[in-house]
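A quick write-up on the structure given underneath.
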Amino acid sequence: MVKDIRIQLEYLAESDYQKFSASLLPNVKNVLGVRLPILRKLAKNISISDWQSFLNITPKYMEEVMLQGMVIGLVAKSSQDLQLIKDFVVKIDNWSVCDSFCCGLKFVKFYKQDVFDFLQPYLKSKKEYELRFGFVMLLNYYVEEYYLDKIVAIVDEFSSKDYYAQMAVAWLVSVCYIKYPELSEEYLKKSKLDDFTYNKSIQKIIESNRIEKSEKQRLKKYKR
């Protein structure tokens, strides 16, 4: 089955889409060019067959890594499956794999505290994509009143200079602002974030279609 999946991926690859995908992932050299809807369909088929064997392969292509992440999202049902996530995170080497993996972990909604505790080492990691994984998980599942103070404290301890980690934090801050504008604006006034991440946070908020023009003008004044 594992060999058949690789053959399928090679057959389903599109050269024009490969060029487009590769242009978005400048440091990734093993992009085939298979569209996401096709990968999701393959992942569903794998998840109802011998998915354990597929997760144990050493990926040749970026799409194989992404498929493994999608399969985990389909088969993970509880906090007892956190080892699957831990084993996968070390394979993440680009934002696309990271973000698609995070948004597929729907079971987190039912085990929030267990997963929140699990995420803590990633939120303090020195590795770019471990950090991105942690912060993208927060913005997907934890931007709610109960966790807001905890998120603010975590964000204020962030100190990485890695671009994709910084952008994940900026994205998280923007999501917090859109959902809780007053509380988030108070945070922005006293934020300890580095200037780059802080200004990117403001930029992402301003780019949102859910923010009024007058509000955007006011927020521009917060830029450092």
For this session: Answer yes or no as to whether K91 is over 17 Å from the mean Cα position of the chain (by Cα) and charged (D, E, K, R).
Result: no
Exercise. Do we find that Q52 is more than 26 Å from K126 (Cα to Cα) and either outside any loop (DSSP other than H, G, I, E, B) or of a type in the set (V, I, T) (or both) in this structure?
Worked result: yes
Seminar exercise, completed: Among L131, L148, the single one that is surrounded by 15 or more Cβ atoms within 10 Å (Cβ to Cβ), within 30 Å of E63 (Cα to Cα) and touching a helix residue (DSSP H, G or I) at 6+ places or on another chain (Cβ under 7 Å) is L131
Exercise. Looking at segment 73-96, which of the residues that are over 15 Å from V115 (Cα atoms), of a type in the set (V, I, T) and in contact with a Phe, Trp or Tyr (Cβ under 6 Å, 6 or more places away or on another chain) is surrounded by the most Cβ atoms within 10 Å (Cβ to Cβ)?
Worked result: I92
For this session: Within segment 25-49, track down each residue that is part of a helix (DSSP H, G or I), in contact (Cβ under 8 Å) with a residue 12 or more places away in the chain and more than 14 Å from V75 (Cα to Cα).
Result: L36, I38, L39
For this session: Restricting attention to segment 104-150, report how many residues are closer than 17 Å to Y187 by Cα and among the β-branched types (V, I, T).
Result: 1
For this session: Return the only residue of Y198, Y187, Y142 being of a type in the set (F, W, Y), modelled with pLDDT under 95 and buried (at least 19 other Cβ atoms within 10 Å of the Cβ).
Result: Y187
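The values are calculated or read from the model by the stated rules, or taken from the named source; none is laboratory data. On a predicted model such as this, the values are computed, not experimentally measured, just so you know. Note that each Cβ is placed from the backbone with ideal geometry, even for glycine, and that neighbours are counted across all protein chains shown.
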